[in-house]
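The values are calculated or read from the model by the stated rules, or taken from the named source; none is laboratory data. Quick caveat, the model's predicted, so the values are computed rather than measured. Reconstructed Cβ throughout: ideal geometry from the backbone, glycine too, with neighbour counts over all protein chains shown.
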Amino acid sequence: MPGLPPELIRRIVSYFRCDSDYTFLKRACLVSSSFRKPCQEVLFSELALYPSEDSFETSIGQRFLSLLDESPFVARYVKSLTILANSGAATKWLASDEALEAILGRLAALQIITDFTFVYITSGQWYTVPAQTRESIEGLCQSPSLSSLSIEYGPICLVTFASPSIKRLTLTNLIVESDCMLPSSLLGSTTPIHRPKLKQLNIHPHPTRDLSRVIPFLVGPSASVDITGLEVLSVTESSMPIEEYGLINCLLLPCASSLRVLALTLDPTGPLSGANLRSFINLSTLANLRELSIQVNNFFRRWQEPRGLHLLPSLLKATPLAGSLESFNLYIIHHHGTYQRYLHGGELDLYQYDVWQEIDVALTDKKQFPELRRVKVTVVDDYFSGKPTRQWVEECIPLVKRGGLLEARAMTYLAYEA
């Protein structure tokens, strides 16, 4: 009996994932030689290296290196690499695993990895990591095959090693240490040669850290990346200081003509009104923006000043770019511990209804938003049920609903974070 065509097998296997379908793929490798290679390609396409949480294991690199020595073809299947140094065991692992340098060097030499994620949530500083390991990680950041780089809680100086081929950069809670600043070769007025020209930039700053120390790595003559052609920008963080919002304009100006998708969190700390918010976030130059997403936190804290939602009407009204806007997304994140609820005879509380009216009028202004096709409002809270929440949103912005633009939904934190 003839076997299945190799292309058909490869196509079927491509629908499976190495994480959720791990057991199936592992067993399918044993079915026949025809299934072995396609299944192994998926199994090893996404590789994550990290120590066990309940032990100080330092032999991860050696075990994987032994696998590569016995089956060298496996290295060519790795397209996405994640290093998770996010536990107490991780500090010892990075300092002690002598084989890690060899693994990273071998993978970098193949120049086939397209996605690299480095998570460094440890108590140790970056320069306490052995020099050979640091250089191997920096070498991966420089790989010419790399298209996506993500750094979480890691040192900002890794951005200076970003490969020119990178199109998507994600920076989360970065660490800017005193000994981790711009290298001398990037200081001064000379623009770095062969900078990556980004298409997507995601920044999730830590609210207690100074975003101004990160901006020089992204904007200006000494920047490590080029964002003049940026198409997607996301800056999301809760409780951002007022002065940090002005830095968002530093990111918007260079890519004003190319930016198509923008996501922001409105949750400033301090006395900020809608009128002077326009001096902090200026969207007037974004002539080609197609999609705008706003996240508002702590919406139901009735004993506090509302943070975020009351700023939205002014921001929408002062948006002359709106002629090109096609989609507006609003995410209302209700955090646990804010118990003041919506129970009034079984109905949801229309708190800040006057603000919602302003939003309703602004979004249905055809002179302001002639191309607007969709308004999606998502309420995130584990206590909400779907239907009552949708009805509540529809009552808040009836003009948007009447115009056929509204898409309202409710979801849990788990679904939202996924």
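Tabulated data for the structure shown
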read-out: Filtered residues of region 142-153 (kept if of a type in the set (A, V, I, L, M, F, W, C) and at pLDDT 95 or above); value: 146, 149
read-out: Checklist (1) at pLDDT 85 or above; (2) under 20 Å from the mean Cα position of the chain (by Cα); (3) part of a loop (DSSP other than H, G, I, E, B) applied to residue 170, failing item; value: (3)
read-out: Those residues of region 56-98 which are out of contact with any strand residue (DSSP E or B) (no Cβ under 9 Å at 6 or more places or on another chain), of a type in the set (A, V, I, L, M, F, W, C) and closer than 15 Å to residue 44 by Cα, in sequence order; value: 65, 67, 68, 73, 74, 75
read-out: Criterion: at pLDDT 75 or above, touching a helix residue (DSSP H, G or I) at 6+ places or on another chain (Cβ under 7 Å) and surrounded by 15 or more Cβ atoms within 10 Å (Cβ to Cβ) - qualifying residue of 28, 75; value: 75
read-out: Residues of region 92-116 classified as hydroxyl-bearing (Ser, Thr, Tyr) and under 16 Å from residue 59 (Cβ atoms), total; value: 1
read-out: Candidate set: region 361-407, residues that are acidic (Asp, Glu) and at pLDDT below 85; chosen: the one surrounded by the most Cβ atoms within 10 Å (Cβ to Cβ); value: 381
read-out: Single match in 101, 152, 138 (criterion: in contact (Cβ under 8 Å) with a residue 24 or more places away in the chain, in contact with a Leu (Cβ under 9 Å, 6 or more places away or on another chain), of a type in the set (Asp, Glu) and within 27 Å of residue 224 (Cβ to Cβ)); value: 152
read-out: Residue within region 245-260 that is surrounded by fewer than 17 Cβ atoms within 10 Å (Cβ to Cβ), in a helix (DSSP H, G or I), modelled with pLDDT under 95 and among the aliphatic types (A, V, I, L, M) present; value: no
read-out: Selection count, region 278-296, where residues are over 17 Å from the mean Cα position of the chain (by Cα) and either of a type in the set (D, E, K, R) or modelled with pLDDT of 90 or more (or both); value: 4
read-out: Residue count, region 99-114 (criterion: in contact with a strand residue (DSSP E or B) (Cβ under 8 Å, 6 or more places away or on another chain) and either part of a loop (DSSP other than H, G, I, E, B) or surrounded by fewer than 17 Cβ atoms within 10 Å (Cβ to Cβ) (or both)); value: 2
read-out: Identity of the residue in region 115-141, of a type in the set (S, T, N, Q) and surrounded by fewer than 17 Cβ atoms within 10 Å (Cβ to Cβ), that ends up modelled with the lowest pLDDT; value: 123
